[in-house]
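Before any comments, here is the structure.
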Amino acid sequence: MRICVISDLHYKFATPNPEDVEQNARALAFLRTLPGHYDWLILNGDIFDLWYDWKYTIIKAYFPVLKILADIREKGCKIVYISGNHDFWFNDFFPDQLQVELYQDAFVLETDRRKIYFTHGDLHTTNDSRYKFLRRVIRLPFTKKLFHIIHPDLSLAIGRAMSRSSRERKIPPTLQQQKKEGLESYAASLLNDYDFVVMGHTHEPCVIPMGKGTYANCGDWLVNHSYVTILDGKLELRRFG
Ligand SMILES: [Mn+2]
């Protein structure tokens, strides 16, 4: 089996500065290399900077990405999408239009004598009860409904401001360290039962042998342009370009 794992692309629906335009373009250039090359594509969270699909509406700036996902599906590759902390408000678009399987927390795949655990990782930062509370509130059916009933242009303007503020807020080194250590210790706790644990969220690519298995982090597409492949049971961290 040929598996490709990507996370933290943070594809923007509004691209006001040249850096964002360049990031989106690079992400697309990479995605265009995928159709026909894999059996499984695992989208491990934070692919879009914000996702919402309304009853009759999707976000048009995402069309190029969705077109490539359709091409990937057409070549017979299965696509699994695990939500991150930027993309969690899914309705029926992905399963109905692209036959993408959605998972809120984690996905397990057993293939080539390997048991693999995929999750974004945002639940596993240590000492982050504030975020865990916020995560629960933001995923409540009521909050989702609220986003649903205001006009998409307005809800996206709010969403954009929120996602920008979370991005521009400098992550203090201690929080980044807590993220990294939290994810590593969560991986360690799983690696007696799994051969590979693959996460994202820290934006720091890594491959770390632990216990009987390996913890890998896909990194990100803002700085590292990195991703993970598992080809016939062999895991590798790669960089694009
Ligand atoms: Mn994240």
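The values are calculated or read from the model by the stated rules, or taken from the named source; none is laboratory data. Note that the structure is predicted; figures quoted are calculated from it, not measured. Note: ideal-geometry Cβ built from the backbone for every residue, glycine included; neighbour counts use all protein chains shown.
When you scan the stretch 2-10, do you find a residue that is of a type outside the set (D, E, K, R), surrounded by 15 or more Cβ atoms within 10 Å (Cβ to Cβ) and over 16 Å from HIS225 (Cα atoms), even just one? Yes: the stretch 2-10 contains one or more residues that are of a type outside the set (D, E, K, R), surrounded by 15 or more Cβ atoms within 10 Å (Cβ to Cβ) and over 16 Å from HIS225 (Cα atoms). Out of everything in the stretch 4-53 that is touching a Lys or Arg at 6+ places or on another chain (Cβ under 7 Å) and acidic (Asp, Glu), what residue ends up being modelled with the highest pLDDT? The residue in question is ASP39. Picking from residues in the stretch 23-65 that are over 14 Å from the mean Cα position of the chain (by Cα) and among the β-branched types (Val, Ile, Thr), the one that is nearest to LEU222 (Cα to Cα) is THR33. Within the stretch 141-164, residues that are on the phi < 0 side of the Ramachandran plot have Cβ atoms under 6 Å from residues that are acidic (Asp, Glu) and surrounded by 10 or more Cβ atoms within 10 Å (Cβ to Cβ) in these pairs: SER163/ASP49, counting only partners at least 6 apart in sequence or on another chain.
Of all the helices (runs of 4 or more DSSP H) wholly in the stretch 2-101, which have at least 2 residues that are in contact with a Ser or Thr (Cβ under 9 Å, 6 or more places away or on another chain)?
Answer list for the stretch 2-101: 18-31.
Annotation note: of PHE107, PHE94, PHE118, the sole residue that is farther than 19 Å from TYR215 by Cβ and surrounded by 15 or more Cβ atoms within 10 Å (Cβ to Cβ) is PHE94. What number of residues within the stretch 177-191 satisfy the criterion of being without any contact (Cβ under 8 Å) to a residue 40 or more places away in the chain and either surrounded by 15 or more Cβ atoms within 10 Å (Cβ to Cβ) or of a type in the set (Phe, Trp, Tyr) (or both)? Qualifying residue count, the stretch 177-191: 5.
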